[in-house]
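Nothing in this text is a laboratory measurement; each read-out follows from the coordinates by a stated rule. Keep in mind that this is a model prediction, so the values were computed, not measured. As a convention, Cβ positions derive from the backbone with ideal geometry for all residues, glycine included, and neighbour counts pool all protein chains shown.
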Amino acid sequence: MRNNKFARLLLYLGVAKNDKDKMEDSPEKVLSIKEVLKQNFPVFHNDAMLDKIAAEARTFSNEEEQVIVDLGEFPKWIPLVVKGAIKISRADNEGGEIFLYYLYPGQTCAMTLNCCMVDKPSEVRAIAEAGTEFVGLPRKSLPQWMMEFEEWRQFTLESYNDRYENLLATIDAIAFQKLDERLIGLLQDKSIAMGSTEVDITHKRLAEELHSSREVISRLLKQLEKIGKVRLKRNKVELLDF
């Protein structure tokens, strides 16, 4: 797992940034989206499907962290991640939040897909990290693509399976891992998502995502710093032993 995360980090550090927020409806747009999907979603081979997706999709680029789907909302766009990462979390009515998993390039949110297929509001919050880019698919088109394209059905089912495994891993971490292990795991995920070994985050925010207290997280971070795992800075944590 550690080697896989490190490989992902190296990959993201070498990815060039696209500074366009969105593209106009034009042949260039269709071609660009189609090529982006081919590069980041190698499971897509059906040109007819890709042409239809490209004609109806649009691109999104987030300079700063941004909520793209919130709890109780009906998603307008289904994200296909092409750069950066999207954080998926759950929250309660009192503002408590727990991190579930990240979506990386080549992945989509199965929970959002499910909301669109059964026409119900989102039960998770999806937040695009700063620098994240994704292709947004209109929710109204998904049922038709499910009936029309076997390749899309297979991708959807595989996405459900992958996210199910992510959720099992999260449950295992909560049930069986010590809090310091979960903290390191979360920092590693954020490091990959941000494309840097230096993570911009406060102790309070880490505590919220791990459903703990700021005091406990601050104490654990100081212990990790003493053994050379991290270096603490103002509102930042640098990973030294990835």
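Data table
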| read-out | value |
| --- | --- |
| Residue in segment 105-125 that is of a type outside the set (Ser, Thr, Tyr), assigned to a strand (DSSP E or B) and touching a residue at least 24 places away in the same chain (Cβ under 8 Å) present | yes |
| Residue among Asp47, Asp92 that is out of contact with any Ser or Thr (no Cβ under 9 Å at 6 or more places or on another chain), closer than 22 Å to Met147 by Cα and among the acidic types (Asp, Glu) | Asp47 |
| Residue in segment 109-122 that is under 11 Å from the mean Cα position of the chain (by Cα) and either surrounded by 19 or more Cβ atoms within 10 Å (Cβ to Cβ) or closer than 20 Å to Asn161 by Cβ (or both) present | yes |
| Selection within segment 100-141 - of a type in the set (Gly, Ala, Ser) and either at positive phi or out of contact with any Phe, Trp or Tyr (no Cβ under 8 Å at 6 or more places or on another chain) (or both) | Gly106, Ala126, Ala130, Gly131, Ser141 |
| Residue list for segment 66-82, restricted to those being part of a loop (DSSP other than H, G, I, E, B) and surrounded by 14 or more Cβ atoms within 10 Å (Cβ to Cβ) | Asp70, Leu71, Glu73, Pro75 |
| Number of positions in segment 179-196 that are hydroxyl-bearing (Ser, Thr, Tyr) and surrounded by fewer than 18 Cβ atoms within 10 Å (Cβ to Cβ) | 1 |
| Segment 201-242: number of residues that are among the acidic types (Asp, Glu) and surrounded by 15 or more Cβ atoms within 10 Å (Cβ to Cβ) | 4 |
| Test for Glu133: is it surrounded by fewer than 16 Cβ atoms within 10 Å (Cβ to Cβ) and more than 24 Å from Asn93 (Cβ to Cβ) | no |
